[in-house]
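The values are calculated or read from the model by the stated rules, or taken from the named source; none is laboratory data. Just so you know, these numbers come straight off a predicted model, no measurement behind them. All Cβ positions, even for glycine, are placed from backbone atoms using ideal geometry, and neighbour counts span all protein chains on display.
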Amino acid sequence: MSYGMMPFAVDFHKLRGWIGSGNAALLDEFRGGWTDLFAEIDELDDPDEPGLPSADALRHLILGEPFDPDYGFKYAYLLKQLAWEAGDHLPNLHWGGVDTTWIYGTFDPALAAAGVPAKSFGVATHLLYRGATVPIPDPYDFPLMGYLLPEEAPAVAAALAGIDPERFRPIDGHEQFHALRGWLETCRTSGRGLMTFYH
């Protein structure tokens, strides 16, 4: 199976205003258009043991009801859709089919060698394993999640701006670096944060 990174430039203020808002009208609006999404997520359940319906998980998120700790993956996939609603999906052609071992074992070390300290930014540490921007139960598997806050994105964008993507050609990562730099520049110029989901 091929996995990939899905990035979103997100209005964090809007997104966080939705989570736990108790806004029943907003919940109804989302539920009315997400029938296919609910079905897609619920297909991940064990067919012999149907679990928490995704529509109920969305209700928990929006109305601030208690989460079911066994279904973190459902909250995570719904959070991805909320990120899309509160922002824009960014081009990810070159981050599809990218393995996590290549990211943390090859790409991130090359990024550090290019002058971006690992403590400041790494794709693995910040965009794969940092977790969700709002408290939800741990998915324990996929999707992997990460983010950069709106106030963090400009510094990372500046760090990447002066690096030639060709530095990454020896690891076949020049297209990925160029795309990553584009994501951060979009966030910087729009004042938004970056949210990523890998699955």
Practice item. Could you grab me the full set of residues in segment 145-199 that are over 16 Å from Ala113 (Cβ atoms), small (Gly, Ala, Ser) and part of a helix (DSSP H, G or I)? Key: Ala153, Ala155, Ala157, Ala158, Ala161, Ala179, Gly182, Ser190
Review point. Is there a residue being more than 29 Å from Leu149 (Cβ to Cβ), touching a residue at least 12 places away in the same chain (Cβ under 8 Å) and touching a Leu at 6+ places or on another chain (Cβ under 9 Å) anywhere in segment 30-38?
Key: yes
Study note, to complete from the structure: Of the residues in segment 93-124, those that are buried (at least 16 other Cβ atoms within 10 Å of the Cβ) and under 20 Å from Glu152 (Cβ atoms) come to Trp95, Ile103, Tyr104, Phe107, Asp108, Leu111, Ala114, Val116, Phe121, Gly122, Val123, Ala124
Check your understanding: Going through segment 68-99 one residue at a time, which ones are assigned to a helix (DSSP H, G or I) and farther than 30 Å from Pro53 by Cβ?
Key -> Leu93, His94, Trp95
**Study point:** Of all residues making up segment 46-67, the number that are part of a loop (DSSP other than H, G, I, E, B) and either touching a Phe, Trp or Tyr at 6+ places or on another chain (Cβ under 9 Å) or touching a residue at least 24 places away in the same chain (Cβ under 8 Å) (or both)
**Key:** 5
Check your understanding: From the list Glu49, Glu43, Glu65, which one is farther than 18 Å from Phe142 by Cα and at pLDDT below 95?
Key -> Glu49
